[in-house]
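Asker: Shown below is the structure under consideration.
The values are calculated or read from the model by the stated rules, or taken from the named source; none is laboratory data. Small disclaimer: the values here were computed from a predicted structure and weren't measured. Virtual Cβ from ideal backbone geometry, glycine too; neighbours counted across all protein chains shown. SASA here: full protein model, heavy atoms, side chains in, ligands and nucleic acids out. Shrake-Rupley method; radii C 1.70, N 1.55, O 1.52, S 1.80 Å.
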Amino acid sequence: MARMFFPDLRLNVELSGPEGAPPLVLLHALGTNLRLWDGVVARLPGHRILRMDMRGHGLSDVPPGPYAMGALIHDVERVMAQAGLRDAVVVGLSVGGMIAQGLAVKRLDLVRGMVLSNSAARIGIASQWQTRIEAVRAGGLEAIADATLERWFGRNWRELPELPQMRAMLLATPPEGWMGAAAAIAGTDFYTPTAGLTLPTLAIAGLRDGSTPPDLVKETADLILGSRFQLIRGAGHLPMVEQPDAYTDALRGFLESIGHV
Ligand SMILES: O=C(O)CCC(=O)CC(=O)O
């Protein structure tokens with residue numbers, strides 16, 4: 001674990017795997033942090049893996065919100081520069097996948113391929129995000145926790161073994177950070193720029209995902225010429241936590257198919 005220092009903020013990052021190995025960049029979802037990827041990192045020992053806590057999340061600084069999507073993209077750009085990484089496969093979960101799309105549009109030299117996991121060019125509608133932001137402002141993350149966990153995991157969410165860990169991760173997110181990043185999602189519509197992308201892309205969806213349902217993920221995958229779509233049946237919004245073997249197999253298959261091994 002290391003802190004990267006920039007003039008306006010510090011970001012928490014972790015670099016693992018052999019230096020010089022094909023690089024992966026892992027970007028987490030709203031209300032989570034880089035620990036979300038523990039199972040994937042353990043299963044992919046042959047890659048140089050950079051993961052980071054998005055601003056306002058995990059151990060990164062919490063600048064006052066709202067955040068612009070452009071700022072979240074710039075954070076990844078400068079972390080990759082400081083780590084000396086380019087030509088990476090960027091794996092982004094949900095808002096992380098939006099950041100991956102924006103990074104590919106802006107800096108294709110940094111992105112060899114994308115995995116848009118449980119993500120889309122546009123997620124939710126602005127008024128819905130505003131309602132959630134107001135709830136968090138009034139009552140903290142606890143105010144939205146149950147509804148969020150139900151969207152993440154589906155109807156039987158209370159029975160899932162991963163629930164205590166994921167609830168704790170959600171509740172540990174600084175409210176200012178959650179609201180800042182939620183505002184970035186609310187203000188983003190990448191439909192047109194993403195439709196112009198032509199790079200190797202795998203889109204992954206979880207059957208029980210109520211945050212970014214399979215049809216929404218597929219709609220974005222279909223914008224990108226030659227992209228592939230994979231549905232993980234036994235998972236919701238966080239398939240790397242619920243189905244780490246199936247999820248890593250999907251990543252590995254994609255990486256092999258583009259020779260990024
Ligand atoms: O909290 C939700 O259900 C929405 C989460 C979302 O769509 C964005 C994300 O997970 O990054």
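Asker: Checking the structure you have, find out if any residue of the range 189-203 is part of a helix (DSSP H, G or I), at pLDDT 95 or above and crowded, with 19+ Cβ neighbours inside 10 Å.
Answerer: Yes - at least one qualifying residue is present in the range 189-203.
Asker: If you don't mind, there's one more thing I want to ask. Looking only at the range 1-17, count every residue that is open to solvent by 60 Å² or more (accessible area, probe 1.4 Å), part of a loop (DSSP other than H, G, I, E, B) and under 18 Å from I49 (Cβ atoms) and tell me the total.
Answerer: Within the range 1-17, the subset open to solvent by 60 Å² or more (accessible area, probe 1.4 Å) is 1, 3, 5, 7-8, 10, 15.
Then drop every residue that is not part of a loop (DSSP other than H, G, I, E, B), which leaves 1, 7-8.
Those still in the list that are under 18 Å from I49 (Cβ atoms) too: 1.
The qualifying residues number 1.
Asker: Across the range 91-117, which residue is surrounded by the fewest Cβ atoms within 10 Å (Cβ to Cβ) among those that are near the ligand (Cβ under 10 Å from one of its atoms) and part of a helix (DSSP H, G or I)?
Answerer: Looking at the filtered set, the residue picked out is V95.
Asker: If only one of A121, A145 is within 14 Å of the ligand (Cβ to nearest atom), out of contact with any Phe, Trp or Tyr (no Cβ under 8 Å at 6 or more places or on another chain) and of a type in the set (G, A, S), which one is it?
Answerer: Of A121, A145, the one residue that is within 14 Å of the ligand (Cβ to nearest atom), out of contact with any Phe, Trp or Tyr (no Cβ under 8 Å at 6 or more places or on another chain) and of a type in the set (G, A, S) is A145.
Asker: Would you check which residues across the range 204-220 are hydrophobic (A, V, I, L, M, F, W, C), surrounded by fewer than 23 Cβ atoms within 10 Å (Cβ to Cβ) and in a helix (DSSP H, G or I) and list them? Break it down into steps so the answer makes sense when it comes.
Answerer: To start, the set of residues in the range 204-220 that are hydrophobic (A, V, I, L, M, F, W, C) comprises 204-205, 207, 216-217.
After this cut, where a residue has to be surrounded by fewer than 23 Cβ atoms within 10 Å (Cβ to Cβ) as well, the list is 207, 216.
Selection gives L216 alone.
Asker: Is the range 118-139 home to any residue that is in a strand (DSSP E or B) and under 22 Å from L197 (Cα atoms)?
Answerer: Within the range 118-139, none of the residues are in a strand (DSSP E or B) and under 22 Å from L197 (Cα atoms).
Asker: Cβ-Cβ under 9 Å, sequence separation 6+ or interchain: first residue in the range 238-259 and at negative phi, partner among the aromatic types (F, W, Y). Which pairs?
Answerer: That search, which allows pairs on different chains as well, returns L238/W152; L238/F153; P239/Y247; M240/W37; M240/Y247; V241/Y247; E242/F153.
Asker: Could you list, in sequence order, the residues of the range 221-253 that are hydrophobic (A, V, I, L, M, F, W, C), surrounded by fewer than 22 Cβ atoms within 10 Å (Cβ to Cβ) and in contact with a Gly (Cβ under 8 Å, 6 or more places away or on another chain)?
Answerer: L231, A246 - these are the residues of the range 221-253 that are hydrophobic (A, V, I, L, M, F, W, C), surrounded by fewer than 22 Cβ atoms within 10 Å (Cβ to Cβ) and in contact with a Gly (Cβ under 8 Å, 6 or more places away or on another chain).
Asker: (1) open to solvent by less than 20 Å² (accessible area, probe 1.4 Å); (2) away from the ligand (no atom under 16 Å from the Cβ); (3) of a type in the set (V, I, T): which one isn't true of V41, the others all being true?
Answerer: With (1) open to solvent by less than 20 Å² (accessible area, probe 1.4 Å); (2) away from the ligand (no atom under 16 Å from the Cβ); (3) of a type in the set (V, I, T) applied to V41, the lone miss is (1).
Asker: To continue, here is another question. Cβ contacts < 8 Å: first residue in contact (Cβ under 8 Å) with a residue 24 or more places away in the chain and open to solvent by 10 Å² or more (accessible area, probe 1.4 Å), restricted to the range 51-77; second residue outside any helix (DSSP H, G or I) and among the aromatic types (F, W, Y), any location; separation 6+ or different chain. Result?
Answerer: R55/Y67
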